[in-house]
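Working notes for the structure below.
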Amino acid sequence: MEEVLVPLFFFGSLFAFPLLRRQMIHRHRLEILRQPVAAAPASPFVAGQCAAELALRLPEPHRLYALALLCRLQDVSAHAPEQQPLDAHSDYLIRQARSEYLPATLRAYLNLTPAARIQLNGRGQNAEELLREQLELISSGVAGALGQNHAPADRMLTQGHFLGERFEKATERIRA
């Protein structure tokens, strides 16, 4: 009986071990795939996310303000070719506000640790107030850039000079 059981146990373990190992690897991979989904919101430091994703993680009054600012920046960028194109300085400022300034501001706020908040409070500054002020600075800068778009005025002046040259020459010919 031993002659049969030992080889049977040997060959059984030889074939069963790879199947058991395969099942354990599969379970481990499933656990790994489930972990990032559960751990992503809990990570304290934010990196490489777009401004919309960052804005959604803000507390309520700031979330709405940041999303409204982002929508304004997106609308200006999307409708600029259809409407009057922006001058170079305004276009650069709008693009930078959308791609760099706003995301960097939101990341800085979201990366604040409890110790950093305590340090800010010790200086008499509130993190939420600082975020609000920075969002207002970006918003006023964008409004200023849109208000100081000199391209339409330059085109109007150029057209006026062109028409003045054309019709002055025509009226001089008629008089002569």
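The values are calculated or read from the model by the stated rules, or taken from the named source; none is laboratory data. Quantities reported herein were computed from a predicted structural model and do not represent experimental measurements. Quick reminder, even Gly has a Cβ in these numbers, built from the backbone with ideal geometry, and neighbours come from all protein chains shown. Ligands, DNA and RNA are excluded from the accessible area calculation, which covers all protein heavy atoms including side chains. Shrake-Rupley method; radii C 1.70, N 1.55, O 1.52, S 1.80 Å.
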For a quick check of understanding: with a 1.4 angstrom probe and all protein chains in place, what accessible area in square angstrom does ILE118 have, to the nearest ten? 120 Å²
For GLN96 and PHE15, extending 7 Å from Cα along the Cα-Cβ vector and measuring point to point gives, in nm, a value of 7.2 nm
Ignoring ligands, DNA and RNA, what percent of the 1.4 Å accessible area of the stretch 81-133 is carbon and sulfur? 51 percent
